[in-house]
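The block underneath contains the structure these notes are about, expressed in C-alpha cells.
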Amino acid sequence: MPWKEVSIMSQRKEFVMLAMKEGSNIRGLCRRYGISSRTGYKWIGRYREQGETGLENQSRRPLHSPRQSSGEVEVAVLEVRQENPRWGGRKIARVLKDQGKKQVPHPNTVTDILRRNGKIEADEAQKHEAWHRFEKSSSNELWQMDFKGYFDTGSGRCYPFTVLDDHSRFVLGLKACGNETKQTVQSHLTSIFRQYGLPVAILADNGNPWKGKRPQMEYSELAIWLIRLGVKVYHGRPAHPQTQGKDERFHRTLKAELLSGRSFLNLDDCQYHFDWWRDRYNLERPHEALNLDTPIQHYQPSCRPFPEILPVIEYDASEVVRKVQAGGIIFYMGKEYRSAKSLRGQLVALRPTQEDGCVQVIFCNHIIDTIYLNHPIS
C-alpha cells in the first residue's frame, strides 16, 4: 500500500520503527508498504541521523530548552492534555520524556498540574487502575478482531471493525464499515494481511460473520477462508466478552478518546479520523499494560506472507478424502452424513478415532467436525 495521504509522517514513522528492529526484513517491509527499497533505506537513514525531524514536516514543536522555567513545563503539560483530553499523569509524563524534554515532572506532579488547572476532578485518579491480563509471548501469536457497536453518521451507520495484536496491543486495523458482512471483513483482512503478514491464530466472538448459525461445530465461510490460509480460528465463550478483553478495552478507549461527543459526515469522514487516531494510538500513546511504552515498540510484523493464491489442500495418501456436497453432505461407506454447510465444495479427510463409530472431519489439518456412523441422515 502506498503512503496514506491522511498521515504520511505517521506511516513513515511506523515503517522506520519496524524496519530498524533486529532481524527485520527491510525489503519485505518495503513491499508491504508499497514503496521502493531505495525510498525505504532513505527514510531509515534520515531517521537515524535526525530522528523524527528527518521524516520532514513534523508539526511537534520542541518542548524543552536549557532555560525553560517551571511555568513553561506546566504549559507543556497542558498542551499535551489539550490534544489528549483523556490522558492522565503517567501518559503525559511519558510523552514529555519521549519528546526529549529534560525537565520531566513526576506523574503525580503532572496530575497536580491538571487538577490545579481544573482538568480533572479531585477523585478522578481513583477511577483509573491498571489492567492486568495474560498475553501472548510474541507478536502475531494471536490477533483479536471484532465489530464495535455501530453509530450513526450524516449518511448512514458506521460499524467500526477492529483488529488488535494480543501481545503488543498494536492496532492492525481500524476500519469504518457500512455493514458487518463476510465480504467486508474478508476485504479488510486481506489488506491487513498484505501489510503485516499472517498471524498464527485469530480470536473472534460467536456471532456473524465469525461463526456459523449452529451452536457448536458450524464454521462460517470466513472461518473456512482463514483456515485455508493456515490461520487457526478461536471463539470466545458465549456471553463472556471478557474472553476478548483487550479488544473490548480498546473499544472503550476508542469511544472515550475519539467517538464520544463527535459527529461524522459519512464513512470517508470516519475513516479519515480513524486513521489519524490509530496512528496516535500505535505510535505516540503510552500504554499502561506495556509499562508506558507505545504498541509499536512491542510489535514485529509476521514473517508469514499473505498468499495471493490459496495453497492447495493436501492430505496423507492413506486417508479417506471426500468432497463436501451442498448442505454439508458427506458420503461415507454408502451413507450420507451432515457436516458444516460452509464446507461445500471443499475436500476433507475422514479420520477414525479410538471411539467406536466416531470419525473426525479434517479440513487443512484442522478438526472441524465429528460424525457418528450410527447416525446417518435418514
Note to self: Report, in listed order, any pair from LYS182/LYS323; LYS97/LYS255; LYS97/LYS246; LYS91/LYS255 with a Cα-Cα distance greater than 20 Å.
What the structure shows: LYS182/LYS323; LYS97/LYS255; LYS97/LYS246
Margin query: What does the net charge come to around TYR150 if you take all other residues with beta carbon closer than 14 Å to its beta carbon, with K and R at +1 and D and E at -1?
Written below: +1
Item checked: Karplus-derived 3J(HN,Hα), 6.51/-1.76/1.60, for each residue of the range 143-152, Hz, glycine and proline x -> 10, 10, 9, 5, 9, 7, x, 5, 9, 8
Note to self: Given a Förster distance of 41 Å, report the FRET efficiency between ARG351 and THR253 from their Cβ-Cβ distance, rounded to the nearest 0.05.
What the structure shows: 0.40
Next item on the list: Using only the C-alpha atoms of the range 143-297, find the volume of their convex hull and express it per residue in Å³.
Entry: 114
Check: Once both labels are modelled 7 Å past Cα along the beta-carbon direction, what's the LEU310-SER191 spacing in nm?
Finding: 2.2
Checklist line | Low-density loop positions, GluC sites (Glu not before Pro), the range 315-378 - DSSP coil, at most 16 other Cβ in 10 Å | finding: GLU319, GLU355
Checklist line | Built amide H within the under 5 Å cut-off of TYR332, gap 5+ | finding: TYR337
Item checked: Karplus-derived 3J(HN,Hα), 6.51/-1.76/1.60, for each residue of the range 337-347, Hz, glycine and proline x -> 10, 9, 10, 5, 4, 5, 8, 3, x, 8, 8
Notebook entry, point to check: Once phi is turned into θ = phi - 60°, what whole-Hz ³J(HN,Hα) does the Karplus curve with 6.51, -1.76 and 1.60 give for every residue of the range 12-27, x standing for Gly and Pro?
Noted result: 5, 5, 4, 4, 5, 5, 6, 5, 7, 6, 4, x, 5, 8, 5, 5
Item checked: Sites ILE367 and ASN25, calculated FRET efficiency, Cβ-Cβ separation with R0 25 Å, nearest 0.05 -> 0.15
Notebook entry, point to check: Given 5 Å bins starting at zero, what is the percent of C-alpha pairs of the range 8-55 in each, up to the one with the largest pair distance?
Noted result: 5, 24, 38, 25, 8, 0
Checklist line | For PHE151, distant residues with modelled amide H under 5 Å away | finding: CYS158
Note to self: So if each residue of separation counts as 0.36 nm, and I subtract the Cα-Cα distance between HIS375 and ASN291, what length gain in nm does that give?
What the structure shows: 24.8 nm
Margin query: If R₀ is 25 angstrom, what is the calculated FRET efficiency for the pair SER260 and SER155, using the beta carbon separation as r and rounding to 0.05?
Written below: 0.75
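The numbers here are math on the coordinates, done by the rules we state, and not lab data. Everything numeric here is computed off the predicted structure, so don't read it as measured data. Neighbour counts run over all protein chains shown; Cβ positions are idealised from the backbone, glycine included.
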